[in-house]
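Notes for the one structure printed next.
The values are calculated or read from the model by the stated rules, or taken from the named source; none is laboratory data. These figures come from a predicted structure and were not determined experimentally. Positions of Cβ are generated from backbone atoms using ideal geometry, with glycine treated the same way; all protein chains shown enter the neighbour counts.
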Amino acid sequence: MSETEGPKFEATKLEGLYQVLDGVSWMDNPTTSELSQFSGLDPRTVGKLVKNAQNLNLVEKQEDGGFMLLTSYPFDGTLEDKSSVVKDALLKLPILQSMRQFLSLGEEEEDALRKAATVCRYVPFNKKNFAPLLTWARNFDVLRGGITSEDLLNDAEENKKVRREKTPKKVVAFLSHSSVDKPFIRQLASDLDAAGISVWLDEQRIKVGDSIPDKVSQGLASSDYFLIALSESSVKSEWVKKELSSAMLTEIKKREVHILPLLLDDVDVPHGIADKKYANFASSYKEGLAELVETLKDKSNGE
């Protein structure tokens with residue numbers, strides 16, 4: 001690992017970050033100017049927000065200049081849901097992981113940050129570059145020794161149990177899809193929202209070494225259904241193979257989430273989920289939507 005001054009975090013409001021993440025999750029590789037218009041924020045502010053999102057490994061800049069999410073995200077979710085995504089990103093950030101270790105050893109906060117930056121090869125160390133990050137870390141309570149992403153998943157599981165008890169008719173769906181099918185997914189997400197069903201969006205992009213369960217666990221832990229969109233393009237892609245890997249299917253079962261394939265085209269359902277009930281949009285979107293909503297609201301159905 002070569003030395004670098006490291007990322008510079010900008011002082012921005014979390015509300016603005018959520019607005020930018022809303023835009024990235026909803027649009028197809030949006031640019032900074034498009035995110036500015038979508039969010040109603042000025043371009044300079046959006047530029048800072050996008051840079052922070054990149055530094056937190058929440059989004060990635062594409063070759064065409066647009067941005068893409070690196071994690072699942074609740075577009076129409078609660079503030080608590082959106083906060084959990086940012087908190088998870090903070091917990092996984094290497095410099096904060098290292099900083100927690102030094103704090104646990106009794107170091108003062110400033111010394112712990114300097115040493116953590118050195119471990120990450122951020123040389124020379126510029127404390128000002130990390131001031132906003134420290135503010136968020138304190139606000140989200142991620143500097144406490146022993147806290148991990150697993151704690152967030154346990155919290156999400158507990159919140160889901162409480163939700164199911166208090167509002168049994170409330171449904172949350174995790175919608176996994178290829179970017180090729182994004183126009184369809186946008187329409188579906190808005191129609192599900194109109195039907196009272198909350199949606200986590202997951203536009204999957206596979207990299208070598210990616211652990212798909214790690215990237216989607218937060219959304220899965222909060223959801224009742226795992227919807228996977230199958231089209232002529234997507235069934236041939238690597239992301240479908242990853243999404244339906246044994247590790248992923250084990251994670252879905254562990255989180256007590258029902259799998260429900262969505263047939264966008266007349267394609268064969270992959271072997272791993274061939275026995276699952278599916279919603280058929282191939283011949284009629286209207287009929288497919290009605291079938292899907294009916295199934296989602298019938299929580300008594302099993303996998």
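Before moving on, here are some points about what is shown:
- Selection from the range 62-82 of residues that are assigned to a loop (DSSP other than H, G, I, E, B), closer than 25 Å to L134 by Cβ and not hydroxyl-bearing (S, T, Y): L70
- Among (1) over 29 Å from D191 (Cβ atoms); (2) crowded, with 19+ Cβ neighbours inside 10 Å, the one test that S25 misses: (1)
- Unique match (being of a type in the set (F, W, Y), closer than 28 Å to L153 by Cβ and without any contact (Cβ under 8 Å) to a residue 40 or more places away in the chain) among F102, F75: F102
- Of all residues in the range 83-110, those satisfying the criterion of being under 18 Å from the mean Cα position of the chain (by Cα), part of a helix (DSSP H, G or I) and closer than 12 Å to S149 by Cβ are S84, V85, K87, D88, A89, L90, L91, K92.
- Filtered residues of the range 116-125 (kept if surrounded by 13 or more Cβ atoms within 10 Å (Cβ to Cβ), of a type outside the set (V, I, T) and over 13 Å from L103 (Cα atoms)): A117, C120, Y122, F125
- Unique match (being among the small types (G, A, S), modelled with pLDDT under 90 and touching a Phe, Trp or Tyr at 6+ places or on another chain (Cβ under 8 Å)) among G209, G219: G219
- Here D111 passes the criteria (1) under 19 Å from K8 (Cβ atoms); (2) without any contact (Cβ under 8 Å) to a residue 12 or more places away in the chain except the one numbered (1).
- The range 133-158, subset touching a Ser or Thr at 6+ places or on another chain (Cβ under 7 Å) and touching a residue at least 60 places away in the same chain (Cβ under 8 Å), residue farthest from V172 (Cα to Cα): L152
- When L143 is tested against (1) outside any helix (DSSP H, G or I); (2) hydrophobic (A, V, I, L, M, F, W, C); (3) surrounded by fewer than 18 Cβ atoms within 10 Å (Cβ to Cβ), exactly one condition is not met: (3).
- Scanning the range 168-188 for residues that are of a type outside the set (D, E, K, R) and more than 18 Å from H258 (Cβ to Cβ) turns up S178, S179, V180, P183, F184, I185, Q187.
- Within the range 98-113, the set of residues being among the polar types (S, T, N, Q) and farther than 19 Å from K128 by Cα comprises Q101, S104.
Each row is one residue, and each column tells you yes or no for (1) closer than 28 Å to A221 by Cβ; (2) among the hydrophobic types (A, V, I, L, M, F, W, C); (3) at pLDDT below 95.
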position	(1), (2), (3)
M1	no, yes, yes
E10	no, no, no
W26	yes, yes, yes
E34	no, no, no
E60	yes, no, yes
G65	no, no, yes
Y73	yes, no, yes
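- Qualifying residue in the range 33-44 (condition: closer than 30 Å to K160 by Cα, touching a strand residue (DSSP E or B) at 6+ places or on another chain (Cβ under 6 Å) and touching a residue at least 12 places away in the same chain (Cβ under 8 Å)): no
- Criterion applied to L113, L133 was being within 30 Å of S223 (Cβ to Cβ), in the same structural domain as Q19 (by TED's automatic domain parsing) and part of a helix (DSSP H, G or I), and the one residue passing it is L133.
- Only one of the listed residues (L35, L17, L69, L58) is crowded, with 16+ Cβ neighbours inside 10 Å and over 24 Å from S178 (Cβ atoms). That residue is L17.
- Residue that is modelled with the lowest pLDDT [pool: residues in the range 230-268 that are out of contact with any Pro (no Cβ under 8 Å at 6 or more places or on another chain) and among the small types (G, A, S)]: S246
- When we screen V20, V24 for residues that are in contact with a Leu (Cβ under 7 Å, 6 or more places away or on another chain) and closer than 27 Å to K127 by Cβ, the only hit is V20.
- Qualifying residue in the range 53-61 (condition: part of a loop (DSSP other than H, G, I, E, B) and over 30 Å from I147 (Cα atoms)): no
- Selection count where residues are among the polar types (S, T, N, Q) and either without any contact (Cβ under 8 Å) to a residue 40 or more places away in the chain or not in a loop (DSSP other than H, G, I, E, B) (or both), scope the range 9-32: 4
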